[in-house]
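Data first, discussion second: the structure below is written as structure tokens.
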Amino acid sequence: MDTLTRLTRRVEREQKARKEAEALLEKKSFELYQSNQELKSLAAELADKEERNRLLLESSSDGIYAIDREGLCSICNPAAAHMLGYESPEQVIGKNAHMLFHHSHQDGSKYPEEECVLQTGLEKEIKLNVLFWRVDGSPIDTECRAAPIKQNGEVVGSVVSFTDISERLETEMQLRQAQKLESIGQLAAGIAHEINTPTQFVNDNIHFLQEAFEDYHKLMSLYDQFLQASEETVQEDKKKEVNLLVEEIDLEYLQEEIPQAISQSIDGLKRIAKIVRAMKEFSHPGEHEKVLIDINNAIETTIDVSRNEWKYHAELETNFDSDLPQVPCLPGEFNQVILNLIVNASHAIADVVTNSGNMGKILISTQQDGDWVEITVSDTGGGVPEEIQGRIFDPFFTTKEVGKGTGQGLAITYSVVVDKHGGTIVLDSQQGVGTVFTVRLPIKVEQLEVQDNE
């Protein structure tokens, strides 16, 4: 092959290679352009998502913040900062959330470690009603949700959202107080009767004592005259006059009846005082914090208040554990629980005995079971049908006729026992036999700051 031919072929190969390189460059340039456009689109989309997330955080009325492994705030929305008393989220970001929101403050209280949302080892979302602390040291009741933040399957932090439920708790307290006052209103006629009975015989005894004293006064006056006369000569007519007056006023009867009248009046006044004291204790708005109470005494108070509700168709017996320890409770709300159960038992029995003249039975027992105090309220009423037993604690559910029940009593009872006291309430009922409610309350004396309940 001559030199010209070789040169020609070489030129052709180079031209072909150059065209292929140009084509490849053009292809890669186009691909690069497409990638650049996609990156721009992705960046715009990410920026849009970031803006939406920012707006979502800033617009949310819930407080939201995130913490890393060390418990440092990495995100905080304005609502969280505002609710906790900070001027801006920047004052929170980068600081330890536990020290800011949960740790010891003015009253020396501390946030329980087992409930601390700072713990990043959580494997699932938790929901708690917890106390946060504002920057000024004042408390704030919150409903709080905490969920883990995971990266490559590993927990790297937590995200927390919380809502200020102070107003809701206040509304719930007002609702419970309204229900209590409604109960008092329903019992008012019976309580008036309970007070009227001893008042009536105290009044009768006072009138009797008044008349008896007048008779005694006459007799004593005559005795004075008799004694004066006896200093000289005892006159037969004076003796006769004294004897006639003794017979007239029936001195022997008065000597027997006056002490009894006084004793009855004292007992009656004690009964009135007991009923009034029970009403005062029962109608008290109640404590915001748990205090140690005598469960047996609290139940006795409620029995006194509700006596007229059950005494016409049921005998009420108690079987109290005299060694029962004091239990941390909200006294007013516990009394409401017992009242609701007694009234329910009374109505159940009344529906059975109607006008037969027979009497049913209500038995209230207390005992300690390990770290729990157990209260049972049983009745010999008609029982709860099995098909509705699962609904009796539902709000507004009632088996009573329209106008005779709101369906709130047992719902509030459940809320107070379970939500407010961390206890349990269980129904055991058989139709035609009766019903037993069992309430269990935890004994947590060591976790309670003892307060005076006087």
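Derivation of every value follows stated rules applied to the coordinates shown; laboratory data play no part. Quick caveat, the model's predicted, so the values are computed rather than measured. In this analysis, Cβ positions are derived from the backbone assuming ideal geometry, glycine residues included, and neighbour counts consider all displayed protein chains.
Using amide H atoms built in the peptide plane, which far-off residues or other-chain residues are under 5 Å from Ile149 H to H?
Close amide H contacts, sequence-distant or interchain: Val156, Gly157, Ser158, Val159.
Ranked by Cβ crowding within 10 angstrom, fewest neighbours first, how are Phe393, Phe437 ordered? Walk me through the numbers on the way to the answer.
On the way: Phe393 18, Phe437 24.
By the 10 Å Cβ count, ascending: Phe393, Phe437.
Using the number of other C-beta atoms within 10 angstrom as an exposure proxy, rank His313, His421 with the fewest first.
Values: His313 20, His421 23.
Result, fewest neighbours first: His313, His421.
How much length is gained if the chain between Glu38 and Ile93 is pulled fully straight, taking 0.36 nm per residue apart and subtracting their Cα-Cα distance, in nm to one decimal? Show your work: numbers first, answer last.
Values: separation 55, 0.36 × 55 = 19.80 nm, distance 3.37 nm.
Roughly 16.4 nm would be gained on extension.
Quick one: net charge of Gln264's neighbours, Cβ under 11 Å, K/R +1, D/E -1?
On the way: positive: Lys270, Arg271; negative: Asp204, Glu257, Asp267.
My count for the surroundings of Gln264 gives -1.
In nm, what is the difference between 0.36 nm times the number of residues separating Glu252 and His207 and their Cα-Cα distance?
On the way: separation 45, 0.36 × 45 = 16.20 nm, distance 1.87 nm.
Taking 0.36 nm per residue and subtracting the Cα distance, the gain is 14.3 nm.
Give me Leu316, Leu219 sorted ascending by neighbouring Cβ count inside 10 Å, so fewest comes first.
Numbers: Leu316 20, Leu219 17.
Fewest-to-most Cβ neighbours within 10 Å comes out as Leu219, Leu316.
Suppose R0 equals 25 Å. What FRET efficiency, 1/(1 + (r/R0)^6) with r the Cβ-Cβ distance, do Leu24 and Asp2 give to the nearest 0.05? Show your work: numbers first, answer last.
On the way: r = 33 Å, r/R0 = 1.33.
For R0 = 25 Å, the calculated efficiency reads 0.15.
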